[in-house]
1. Read through the labelled values [x] 10.0; [y] 5.9; [z] 6.8 and report the label of the one computed as mean projected area of the Cα convex hull in nm² from the structure.
2. To the nearest 10 degrees, how steeply does helix 37-93 sit against the main Cα axis of the chain, on a 0 to 90 scale?
3. Rounding to the nearest 10 and keeping the result within 0 to 90°, find how far the Cα-based axis of helix 8-23 lies from the longest principal axis of the chain.
4. Show me the ranking of peptides 9-17, 83-91 by mean Cβ neighbours inside 10 Å, starting with the highest.
5. Would you work out the relative contact order for the chain, in percent, from Cα pairs under 8 angstrom that are 6 or more residues apart?
6. To the nearest whole percent, what portion of all C-alpha pairs in the stretch 47-98 is separated by more than 14 angstrom?
7. Please give the peptides 33-42, 62-71, 19-28 ranked by average Cβ packing (other Cβ atoms within 10 Å per residue), highest first, as a rough proxy for protection.
8. Restricting to DSSP H runs of at least four residues, report the calculated mean residue ellipticity at 222 nm for the chain, -39500 (n - 2.57) per run over all residues, nearest 500 deg cm²/dmol.
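Any read-out appearing in this document is the output of simple, stated calculations on the displayed coordinates, not a laboratory observation. Note that the coordinates shown come from a computational prediction; the quantities given were computed from them, not determined experimentally. Neighbour counts run over all protein chains shown; Cβ positions are idealised from the backbone, glycine included.
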Amino acid sequence: MPLISVSVDEMRRAATKVKEVSAGLSPLPLVSIADQPDLSLAVAEFVACMNDCRSERERELDALSAGLREVADLFESHESGALDEIRALGSSLDWSIR
């Protein structure tokens, strides 16, 4: 099975792009149709439903963005910890990492 390689920087850029998508979503305006109260009500219900869906998608995109940043932070933390351990081992063996 092939491995997927993603850098921490790429993950942070992806998180930023996802956040930009959610920031670009705007609610649909309410529409009223003159002399058509039943149609106005139906359109208002449809617009409200669409705005609820938009809000849900925005929350999901925000969660995805936060998750990507969290994974990037986790990888960065583990990488830093591993390098510290290797340096400590190297200093006990009298060699270094450049």
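1. For mean projected area of the Cα convex hull in nm², the calculated option is [x].
2. Rounded to the nearest ten degrees, it is 0.
3. Between the helix axis and the principal axis of the chain, the angle is about 10 degrees.
4. 9-17, 83-91
5. On the way: 56 pairs, mean separation 35.6, N = 98.
For the chain, the relative contact order is 36 percent.
6. Values: 924 of 1326 pairs.
Of the Cα pairs, 70 percent sit more than 14 Å apart.
7. On the way: 33-42: 10.7, 62-71: 15.3, 19-28: 12.6.
The densest-packed peptide leads the list: 62-71, 19-28, 33-42.
8. Numbers: 2 runs with 73 residues, N = 98.
Value at 222 nm, helices only, nearest 500: -27500 deg cm²/dmol.
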